[in-house]
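Engineer: Before I ask anything, here is the structure I am working with.
The values are calculated or read from the model by the stated rules, or taken from the named source; none is laboratory data. Predicted model, so just to flag it, every value in this text is computed and none were measured. Here Cβ is always computed from backbone atoms with ideal geometry, including for glycine, and neighbour counts include all displayed protein chains.
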Amino acid sequence: MMPEKSKKALEQTIIRMVIMLAISFSVGLLAHTFKLNKQQIISSSIFVMIVMATLLFWKFRLAIAFIGIGVLMGTNTLDLPTFIKECKIDVILFLVGMMITVGVLRELGLFTWIIQSVIKTPRMTGKMFIIIVMFLSAMMSCIVDEVTSIIFMATLVFQVCDTLKISPMPFLIISVMATNIGSSGTMLGNPVGIVIGQNVSPPLSFVDFIVWSFPVMIITLSISMVLLLWWYRREIHLLSERLSARRQMGLGLGPLVNVPYKRGLAILLGMISFIALHRWLEIKLGLAPNTILIVAPLVIAGILMVFRQERARHYIEADVEWWTLLFFMMLFAVAGSLQHTHVTEEIAGHFQNVFGDKPTLLMPIIIAISAAGSALVDNVVFVAAFVPVVDKLEQTPLVWALLQGACLGGNITMIGSTANIVALGMAEKRYRASIKFFEWLKVGLVVGVVSCLISWASLSFLADRMPTRQQRLEQAAKHIKTQHISNTADNSKIHNIVEPNKP
């Protein structure tokens, strides 16, 4: 006979499978009601099936994505050339280069040096510690990525809390929430940043994120910091008391070691400089938009692998998350089928019919939808599907609304972002303790809703100052014209060298 535990697990799996298929079928039926054609119905149903798979079958999400792609191609809803195009190899290669570079920086001790710098801060108080943790979490998320940020910030929180013999959970939650907020600041903080930047027309640059998204992130972080300082005031007061007592005993927060951080810091600054200047370099070199943005992490990763050749294979096999990247590729292709079958045009048309073309009406709707989606499943799922919809609406503020909602919504639930899952997994492994879903939801819902309202207000204030899509297209056309003139001049020089006597 089957053991009772295995029987119960099988029953739960069957129930979840029925729920997933029922919801997918219901979406297909709804699409039929709206008079969508056969291919549009199939692409919508498969996309929803993968959304449900990330919620109900996290461990099997890649397998279900593979099956979904097979169904799309087998029904001729998605052809091979479109599949290859929609896999977004440029985004995947960018993430590969970043993951390898971060792996090298980890080995060079850069993040350990940051932790050591915080620990030896003189006259530390509870409030000062929280402010440093939130600021560092957000900035590291902006510069590297949310997962790398939370791994090292969690290490810092654990070391301090173990030394002071207090519960790390409140401070871990604070760090996670700052990390998710910070991930909206640049296109490096969260995969959705590079997905949005590369897939709107015309593409957004790193500077665009710094000008329009980073200030919103800073405002949101500041107000969320005040809110969290109040919410966890008792725990912070206890932290201050323990710090004061330890200082009176002449003790610090932990053992300090000298870390040779300068090489890692130089590499990080070099990479950020290339990415920040990518638009200027592309114009000077006559390259297509975002070429340097995609290539810079790859080139830097290649150079590092040459100098650290004995570890090169390890970086590829251990530091690159192939499972996640393959899932992203399949997800992008499935979301691309929505655009290929014109489902996104239908959705955009309904948005315009209901709300008109005013960003002030559409902005809260986009923020709310993306935040709610991110609270339940991976935010890349919703962003991949909604980028074409937002792009069709041709309103620049809506692009930033999608980014803010997708990143900030991750704070609402404990499964809302990868950073949440990684941090809680580390805590469970270290302390054999976990946090209850509703315990997180109480603070997460407050912070999530407040931060979304702040981002909405900030984007509404900036909306009139943002360049319109037409202005961005004109700027992109000027870039292409400059590139064409440069290429023509180069070809003329080559022609004169090859045939100098020909008039």
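Engineer: Could you check how many residues of segment 425-450 are part of a helix (DSSP H, G or I) and in contact (Cβ under 8 Å) with a residue 40 or more places away in the chain?
Structural biologist: 11
Engineer: Quick check on my filter: what residues within segment 36-82 are of a type in the set (V, I, T) and more than 22 Å from A372 (Cα to Cα)?
Structural biologist: Those that are of a type in the set (V, I, T) and more than 22 Å from A372 (Cα to Cα): I41, I42, I64, I67, I69, V71, T75, T77, T82.
Engineer: Continuing with this model, one more query. Give the number of residues within segment 108-127 that are at negative phi, surrounded by fewer than 21 Cβ atoms within 10 Å (Cβ to Cβ) and not in a helix (DSSP H, G or I).
Structural biologist: Number satisfying all stated conditions: 4.
Engineer: Output the qualifying pairs, or none if there are none: Cβ atoms under 7 angstrom, residues six or more apart or on different chains, first residue in segment 220-236 and outside the structural domain of S455 (by TED's automatic domain parsing), second residue part of a helix (DSSP H, G or I) and surrounded by 17 or more Cβ atoms within 10 Å (Cβ to Cβ).
Structural biologist: No pair meets every condition.
Engineer: Find the residue count for segment 309-330, including only residues that are within 12 Å of G103 (Cβ to Cβ), in contact (Cβ under 8 Å) with a residue 24 or more places away in the chain and surrounded by 15 or more Cβ atoms within 10 Å (Cβ to Cβ).
Structural biologist: 6
Engineer: Can I ask one more? Does I151 satisfy being more than 30 Å from E474 (Cα to Cα) and within 18 Å of the chain's Cα centre (by Cα)? Steps first, please.
Structural biologist: Working: more than 30 Å from E474 (Cα to Cα): yes; within 18 Å of the chain's Cα centre (by Cα): yes.
So I151 fits the description; yes.
Engineer: Quick check on my filter: what residues within segment 101-138 are farther than 22 Å from P297 by Cα, of a type outside the set (S, T, N, Q) and in contact with a Ser or Thr (Cβ under 6 Å, 6 or more places away or on another chain)?
Structural biologist: G126, V133
For (1) under 28 Å from N180 (Cα atoms); (2) in contact with an Asp or Glu (Cβ under 9 Å, 6 or more places away or on another chain); (3) among the hydrophobic types (A, V, I, L, M, F, W, C), each residue gets a yes or a no:
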site: T324; (1), (2), (3): yes, no, no
site: A335; (1), (2), (3): yes, yes, yes
site: H340; (1), (2), (3): no, yes, no
site: G349; (1), (2), (3): no, no, no
site: V354; (1), (2), (3): no, no, yes
site: V389; (1), (2), (3): yes, yes, yes
site: V399; (1), (2), (3): yes, yes, yes
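Engineer: Also, I was wondering about something else. What pairs come out if I take residues in segment 267-290 that are part of a loop (DSSP other than H, G, I, E, B) and pair them with residues that are modelled with pLDDT of 85 or more and not aromatic (F, W, Y) whose C-beta lies under 6 Å away, six or more apart or interchain?
Structural biologist: Sorted first by the residue in segment 267-290, then by its partner, the pairs are P289/P203; N290/P203.
Engineer: Another one. Filter segment 336-364 for residues that are in a helix (DSSP H, G or I) and more than 26 Å from I42 (Cα to Cα); which is modelled with the lowest pLDDT?
Structural biologist: The extreme case among them is P359.
Engineer: Hey, another quick one. Search segment 415-451 for residues being touching a Leu at 6+ places or on another chain (Cβ under 9 Å), within 20 Å of G189 (Cα to Cα) and of a type in the set (A, V, I, L, M, F, W, C), and hand back the single one that is surrounded by the fewest Cβ atoms within 10 Å (Cβ to Cβ).
Structural biologist: Only one residue tops the list, namely I415.
Engineer: Evaluate the following for T396: is it crowded, with 20+ Cβ neighbours inside 10 Å, farther than 22 Å from V71 by Cα and among the β-branched types (V, I, T)? Break it down into steps so the answer makes sense when it comes.
Structural biologist: Values: crowded, with 20+ Cβ neighbours inside 10 Å: yes; farther than 22 Å from V71 by Cα: yes; among the β-branched types (V, I, T): yes.
The answer is yes for T396.
Engineer: Taking into account only those residues within segment 154-180 that are part of a helix (DSSP H, G or I) and hydroxyl-bearing (S, T, Y), which is surrounded by the fewest Cβ atoms within 10 Å (Cβ to Cβ)?
Structural biologist: Residues of segment 154-180 part of a helix (DSSP H, G or I): 154-164, 169-180.
Now drop any that are not hydroxyl-bearing (S, T, Y), which leaves 155, 163, 175, 179.
Details: T155: 15, T163: 17, S175: 26, T179: 36.
Ranking the qualifying residues of segment 154-180, first place goes to T155.
Engineer: Looking only at residues in segment 376-406 that are under 19 Å from F209 (Cα atoms) and not in a helix (DSSP H, G or I), which one is modelled with the lowest pLDDT?
Structural biologist: Residue satisfying both the conditions and the ranking: E394.
Engineer: In addition: For L188, only one of the following conditions fails: (1) more than 19 Å from the chain's Cα centre (by Cα); (2) not β-branched (V, I, T); (3) not in a helix (DSSP H, G or I). What is its number?
Structural biologist: (1)
Engineer: Is it the case, given these coordinates, that P202 is in contact (Cβ under 8 Å) with a residue 24 or more places away in the chain, touching a Leu at 6+ places or on another chain (Cβ under 9 Å) and not in a helix (DSSP H, G or I)?
Structural biologist: On the way: in contact (Cβ under 8 Å) with a residue 24 or more places away in the chain: yes; touching a Leu at 6+ places or on another chain (Cβ under 9 Å): yes; not in a helix (DSSP H, G or I): yes.
Yes: the conditions hold for P202.
Engineer: Which of the residues that make up segment 13-33 are among the hydrophobic types (A, V, I, L, M, F, W, C), closer than 17 Å to L338 by Cα and surrounded by 14 or more Cβ atoms within 10 Å (Cβ to Cβ)? Lay out the reasoning, then the answer.
Structural biologist: Kept after step one, since they are among the hydrophobic types (A, V, I, L, M, F, W, C), are these residues of segment 13-33: 14-15, 17-23, 25, 27, 29-31.
Then drop every residue that is not closer than 17 Å to L338 by Cα, which leaves 25, 27, 29-31.
Within segment 13-33, V27, L30, A31 meet the criteria.
Engineer: Right, A457: outside any loop (DSSP other than H, G, I, E, B) and touching an Asp or Glu at 6+ places or on another chain (Cβ under 8 Å) or not?
Structural biologist: no
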